[in-house]
Amino acid sequence: MTARGGGRDRRASGFFVSGHAPPLALADLGPQLDREVDPLWLTRQSLEAGLKTLKPGCGWLPATWLPEDGVRRALRAIARDPHAPLVEYAAPLGLAELRQQLSWRLSQHGVDAPPAQIVLTDGGTHALDLVCRFLLEPGDTVLIDDPCYFNFPALLRAHRVKVVGVRYTPAGPDLGAFERALIEHRPRLYVTNSAVHNPTGATLAPAVAHRVLKLAGEYDLLIVEDDIFADFEAEARAAACRVRRPRARGVDRQLLKDTVGGGALRLCRGAR
């Protein structure tokens, strides 16, 4: 060990392990991949690319679609407010008034989520990271859609879990492949975004949603829905010939899922 630099001797004291454990290197946790399919490389490139670069797989709305003038007015109003706590820490759960509004909006979808059960985060990825920290252990298995949002594999790799992809169809996950994965791998979580699916644009069909929930209950699977585009669901239904997709959490409230929204991503991702 000493010859390899992992130990050192102290005179009249003996031999001791030197240094600390090397930092976690995400690139070393999985097989070496071509850049085109390396989620960590894609994540970095999506953030470092210039403003004029097209990023269709990122799930970000074009800046021209966003209320930039309104955001600027709101920021100026906050800056002028002498009572705004600009330099103090916020409440651990986030702004109470915003959580109250979100609670009301969720109630319109049949979800009983009081403000005390809502946590505001820096974004959807931050929220998913917290969910993974709370629910996963290294070595657990997580199901994801294939294809899926490229950030999911990178995030899950950081948590040292096994990732299993399930083929995604225009109506949702392939139910046969989904059930086989449950039987073979006994996953802890299924991470998906069921409305305006990224990158396919598909919307989960009612029959598929119902079957997925039934299978989740049968195999003790937790579903984490990255639901950042829920506000655009009406448009997705119209584009899909007005096929109605009931909220999965409204099909069976006994199988209530963790749900991640993303208002900041839709309105002003840079202000976070």
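Throughout, read-outs are computed from the coordinates displayed, never taken from laboratory work. Being a predicted model, the structure only gives us computed values, none of them experimental. Heads up, the Cβs are rebuilt from the backbone with ideal geometry, glycines too, and the neighbour counts pull from every protein chain shown.
What the table below lists for this structure:
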read-out: Cα centroid separation, the stretch 149-222 to the stretch 120-144 (Å); value: 15
read-out: Length added when fully stretched, A91-Q45, from 0.36 nm per residue minus Cα-Cα; value: 13.2 nm
read-out: Residues listed by number, the stretch 186-213, amide nitrogen under 13 Å from F232 label point at 7 Å toward C-beta; value: 194-203
read-out: Built amide H within the under 5 Å cut-off of K162, gap 5+; value: G139, D140, T141, V142
read-out: Built amide H within the under 5 Å cut-off of V224, gap 5+; value: Y190, V191, T192
read-out: Estimated translational D of the stretch 53-110 in µm²/s (Stokes, Kirkwood radius over Cα pairs; 37 °C; 0.692 mPa s); value: 221
